[in-house]
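Before any comments, here is the structure.
No lab work stands behind these numbers, since they all come straight from the coordinates. Since the model is a prediction, treat every value here as computed from it, not as a measurement. Note that each Cβ is placed from the backbone with ideal geometry, even for glycine, and that neighbours are counted across all protein chains shown.
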Amino acid sequence: MAAGADVPAGASQPFDRHRDGFVLAEGAAVLVLERPEHAAARGAVPYAYLSGYGAAADAGHATRPDPEGRGAESALRAAPADAGLGPDDVDHVNAHGTSTPLNDAVESATIRRVLGESHPAVTSVKGVTGHCLGASGAIEAAVAVLSPHHQLVPPTANLTEIDAGMEVDVVADKARPLPMSTVVSHSFGFGGQNAVVTPTGA
């Protein structure tokens, strides 16, 4: 976990060169999934469509990510493909972005390897929320759904100096307006559980 900072709210620093661990947190989110015809029948307006999903396991260590990001890469390749899309179609990545030296390095390398040609805008909400463990996936999926709805990428809080090894387009300082239709949201859990969802604009 993060050693802390002069200001505790700044202790979670995803993708920053000074990051030193995650900040344990609590939170929750609920997303309602239903078929389009059922939503239409009750007059509901969808925020996005869940168009694709990918999952993989690389259980080499209880907490440390696979150094090559093999499970994360497999899930990231599978989610857009499940939606009938290619890597070049991905506009934005809602990253797992834990603020740990290992995870952020492996995740950014995986994004670069799989989605490098599309240069997606990347963000991590854990700079604001901390790491809510099992709830993180739902919270981040909710943010990922709202991004194409508002055509806006939220900034990564506490990112003041991106690690030189990241080489991905991490949004910082302020929200970035971005025309987008396809987002991927990463959840890379303890024990090597990797999941990626692909929300597309409604």
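Below is a table of values for the structure above.
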read-out: Net length gained if the chain between Arg17 and Lys174 were fully extended (0.36 nm per residue, minus Cα distance); value: 54.6 nm
read-out: Contact order normalised by residue count of the stretch 8-201, Cα under 8 Å, 6+ apart, percent; value: 35 percent
read-out: The chain: most fluctuating residue of Val170, Val30, Val93 per GNM, C-alpha cutoff 10 Å; value: Val30
read-out: Antiparallel DSSP beta bridges within the stretch 8-201, as percent of all bridges there, nearest 5; value: 65 percent
read-out: Separation of alpha-carbon centers, the stretch 125-178 and the stretch 25-101, rounded to whole Å; value: 14 Å
read-out: Most mobile of Glu161, Glu73, Glu107 in a GNM of the chain (Cα contacts under 10 Å); value: Glu161
read-out: Distance between modelled label sites at Glu37 and Ala62, nm, 7 Å Cα→Cβ extension; value: 4.9 nm
read-out: Least to most buried among Val23, Val153, Val32, Val171 (fewest other Cβ within 10 Å first); value: Val32, Val171, Val23, Val153
read-out: Packing-based order for 136-144, 109-117, using average beta carbon neighbours within 10 Å, highest first; value: 136-144, 109-117
read-out: Residue with peak Gaussian network fluctuation, the chain [Cα springs, cutoff 10 Å], from Gly43, Gly97, Gly191; value: Gly43
read-out: Sorted by Cβ neighbour density within 10 Å, fewest at the top, the residues Lys174, Lys126; value: Lys174, Lys126
